[in-house]
Amino acid sequence: MGSAALIVAFPVAIYGAAASLLGAVRHRADFVRSARSAVYLNLFLVTTAAVSLLNAFITRDFSLQYVYEYSSRSLSGFYTISAFWAGQEGSLLLWMWLLAFFTALVVFTNRGRYGDLMPWVIHVLMLNAVFFLLLLNFVTDPFLAIPGPLPGDGYGLNPLLQNPGMVYHPPALFIGYVGLAIPFAFAMASLLAGRRDAAWITATGRWTIISWFFLGAGILLGAKWAYVELGWGGYWAWDPVENASLMPWLTATAFLHSTIVQRKKGMMKFWNIFLVIITYFLVIFGTFITRSGVISSIHAFGKSSLGTFFLAFMVFVLAAGFGVAWRRRELLFPERYLEFISGKESGFILNNIIMTAMTLVVLWGTVLPVVFEIMTGAKVVVGAGYYNYVNGPIAIILLLLMGACPLLDWGRTTVRNMVRRLIIPGSAVLAAAGLAWSMGVRAPISILLMAFSAFVVTAVVEDLFSAAFSRGRNTDESPARAFRRFLSGKRRRYGGYLIHIGIVMIFLGLSGATLNREANATLHPKESMKVGQYTLRYERMRWIPSSDRLAVKTRLKVYRAGKPLGYLTPERRFYGGREKQPISEVAIMGNWKEDLYVTLTGYNRDERASFRVLVNPLVPWLWAGGYIIALGTMLVLFPGGISVTVPSERKGVK
């Protein structure tokens, strides 16, 4: 049933793309209605395929090659579901289902609106569907059957993927990736329909924010997964696949900022089209990296023929996008030009330049090994040092702009106003730098990150309170009442500021990387080791067998300044089904300041055990920053709150 559904979905998608094109060009409403029906039918068919594959996993149907390779009878239900997207075929089917669902949702929510845009939107999105259905039907079939007798059990899921991160991280990334196709489709539709206004930006505002948020959440969830699973003590290694998710997030962030200028001032029209095209190109580029095997990565799938198809699709997206923009370039002339360099507009433009520069730095480091090998035949590795060395100063400038923009006025900011507004944030920079130095921070990049993080937070708070007090003076309200009423009326603006504070917290978490402390020791039971203020007493080792693995589990009692804090139980696991090498399961004890991170690196039958112990300052701020960003995003998406109508027996009462 699933295979048949995918086969039928392919011509349906082709028909939807063709009917919407004819409806747009010939202004035929009947063709447009038919294209909408094709969108809904496509969703039904792809959903049928997805449910069929999920059912094959749940029922352990090992007659399917894909189910056999990524599942087994001993795999828990939690990870059996996540095995759906563990490999090439299932992850592409998930991508296609999200694309079909988002396309149908866009068509449904915009019925009766944007009549001149929607046929083109359907056309662009259905062309994307044609591409992915082409792959699923003719290149990488998720319903391929195993020839010969039915195997009794599956090969099993890679132990590294048996982590809660596998359930949350890939779907979050995919929602972000696929969601960014919506603003791309509306941008192309606006040009093809000959519109000069910013209606396409208004139509895709929430789509862009949601996609941006899920892509960022996926990145952060992946960092947390790497931190708790691999046992190396870090969370970001500048791996090509990691870079592939970061680049479209950076350009999407730039786009979200520059759309504010277009809506308010009618400027940056061409730049916004450029950013949308580049962002979607980078989405496909990231998929190409993950699935082609051209660039080495621990996160990528093996080499496959998919790379050629994605390379061709990348070229098509870039050529079609910029071809349409060039043909319709007269629509992209700004309504006004930049008049003063001291205004908020300049701040947004500089923000975009910095974001683009960071994207180019990451892109160059990612593709350099391939370019170098093609040109010279030699292999080169771009390490984390390159990215940190170049992006460190860029991050400082970005923080400076994040703090300065709230202090600027639209149009022109006088020198007097700027100096007056910089007094408190500037003092915060000096105070934070001094505090960091007094706490033993000596790395210049960490001191600057901490200092300018204080600058951003102080600038945001100053802007918030000055605006609220100004309202109080104009309305004779008490300061507390004016503050509450001002915030309730400006939730979208200050939701954005809350997102900035979350980003600042992430920067603070990154700044702690230069302060890490490490100790390694081999201990007998009852022996202790010390790292920083912590003392760890090794108590015992246990061998714990289960149906699918054998675990070597140790227990350490943790003290700080002589006071017991609790126990940590790092372990090593041996999985018999798929991998023979041991997998480290780290133990972490954290507080708001730092993490105590312990890995079991070796052991003997006489219960001697080797441990690697890290004290990672400020890492909890990374994850806390993600929660703050989530809260800010909710305020931006729902500035008026979510209202619920409660029925009442009395007429007219809600």
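The values are calculated or read from the model by the stated rules, or taken from the named source; none is laboratory data. Remember, it's a predicted structure, so these values are computed and weren't measured experimentally. For neighbour counting, all protein chains shown are included, and Cβ atoms are generated from backbone atoms with ideal geometry for every residue, glycine included. SASA here: full protein model, heavy atoms, side chains in, ligands and nucleic acids out. Shrake-Rupley method; radii C 1.70, N 1.55, O 1.52, S 1.80 Å.
Quick look at the numbers
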item	result
DSSP-loop GluC sites (Glu not before Pro) across segment 478-567, with at most 15 other Cβ within 10 angstrom	Glu527
Solvent-accessible area of Leu565 with every protein chain in place, 1.4 Å probe, in Å² to the nearest 10	70
Three semi-axes of the equivalent ellipsoid, segment 361-455, Cα gyration tensor, whole Å, largest first	37, 20, 6
Residue order for Tyr497, Tyr389, Tyr40, Tyr337 - accessible surface, 1.4 angstrom probe, largest first	Tyr389, Tyr337, Tyr40, Tyr497
For segment 247-360: rounded, prolate or oblate by the Cα gyration tensor [a/c cutoff 1.5]	oblate
Carbon + sulfur, % of accessible area of the chain - ligands and nucleic acids excluded, 1.4 Å	64
Solvent-accessible area of Arg412 with every protein chain in place, 1.4 Å probe, in Å² to the nearest 10	150
Among the listed pairs Lys526/Lys563; Lys490/Lys593; Lys553/Lys593; Lys563/Lys593, those beyond 23 Å (Cα-Cα)	Lys490/Lys593; Lys553/Lys593
Proximal aspartates and glutamates to Lys224, defined as alpha-carbon separation beneath 16 angstrom and excluding residues fewer than eight positions away on the same chain	Asp239, Glu242, Glu585, Glu594, Asp595
Computed E for Arg195/Ala519 - FRET, C-beta separation, R0 45 angstrom, nearest 0.05	0.10
Part-to-part distance (alpha-carbon centres) for segment 351-394 and segment 20-59, which is given in Å	40
1.4 Å probe accessible area per residue over the chain, in Å²	46
Which of Tyr177, Tyr559 is most accessible, then next, and so on - probe 1.4 Å	Tyr559, Tyr177
Distance from segment 139-186 to segment 529-578 (C-alpha centre basis), Å	33
Accessible-area value, His169, 1.4 Å probe, nucleic acids and ligands omitted, Å²	30
Sequence of Ser190, Ser610 when ordered by accessible area, the most exposed leading, probe 1.4 angstrom	Ser610, Ser190
